[in-house]
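Before any comments, here is the structure.
The values are calculated or read from the model by the stated rules, or taken from the named source; none is laboratory data. Computed from a predicted structure; not experimentally measured. As a convention, Cβ positions derive from the backbone with ideal geometry for all residues, glycine included, and neighbour counts pool all protein chains shown. Surface accessibility is based on the protein's heavy atoms, side chains included, excluding ligands, DNA and RNA. Shrake-Rupley method; radii C 1.70, N 1.55, O 1.52, S 1.80 Å.
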Amino acid sequence: MGVIECRDLTRKFGRTDALDSVNLSIESGRIVGLLGPNGAGKTTMIKIANGLLKPTSGILTIAGNKPGKETKAVTAYLPDREFLPGYMKVKEIVNMYSDFFGDFRRDKAEDMLAELGIDPGKRFKNLSKGNREKVQLIMVMSREAEVYFLDEPIAGVDPAARDYILHVIISNYNENAAVVISTHLIEDVENILDEVVFIRNGRIVLHDNADDLRAERGKSIDKIFREDFKWQADL
């Protein structure tokens, strides 16, 4: 049984199935790409996993528990938009995470902030967009969580920032944890993925080992994805 389990997971918005009877199992110690075009259901699944949405039917569990107090204690979540309070200073954000999460590594966070030359006395809203993205990721990845959900972590940032973000992910996550990275920018992330999950119209259409899939098809994950989703207008 995986640390993340979905069984017939369905979420409707009116007559639209954002998720349609999803069955998925993700084991610990794996970096998994949740890959699909915009509107495929990626963010809906991650929001359900973090207790921000309720399923219409079916179930999602993390370490055997439905999303709630128990799962929040072992799950680190990076949303697809800014979520830290703009008025807070960076050092106050570090204090907040240290107070809220028993698995937060203050020393790790402070080291990464110092490496980037980010002034801990500066307010979050006064940082550059790239540095705001990095501070959010640093806070999330400084936890020793069992599961990490990273929703579009490299969207909207420049290539240099993308490289740093991917470096932080692979250098700082708990290696016994499961990492789920939701993205439509496959080329940038595929080299760090152990598994890929293709999702389209709320349905899982492929779940495979990344290396096995490349060997079988003789192509990069990005090319496979583009071929399988070539009819999608936004690609």
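The residue that is most open to solvent (accessible area, probe 1.4 Å), counting only those in the stretch 130-156 that are at pLDDT below 90 and not in a helix (DSSP H, G or I), is Gly156.
Could you check how many residues of the stretch 153-206 are in contact with a Pro (Cβ under 8 Å, 6 or more places away or on another chain) and among the hydrophobic types (A, V, I, L, M, F, W, C)? Of the residues in the stretch 153-206, 3 are in contact with a Pro (Cβ under 8 Å, 6 or more places away or on another chain) and among the hydrophobic types (A, V, I, L, M, F, W, C). Among residues of the stretch 107-122 that are under 16 Å from Val140 (Cα atoms), none has a Cβ under 6 angstrom from a residue that is exposed (fewer than 13 other Cβ atoms within 10 Å of the Cβ) and aromatic (Phe, Trp, Tyr) at a sequence gap of 6+ or on a separate chain. Among all residues of the stretch 158-176, there is none that is under 22 Å from Arg7 (Cβ atoms) and modelled with pLDDT of 85 or more.
Condition first: free of Cβ contacts under 8 Å to residues at least 60 places away in the same chain and among the small types (Gly, Ala, Ser). Now tell me which residues in the stretch 65-94 satisfy that. Across the stretch 65-94, the qualifying residues are Gly68, Ala73, Gly86.
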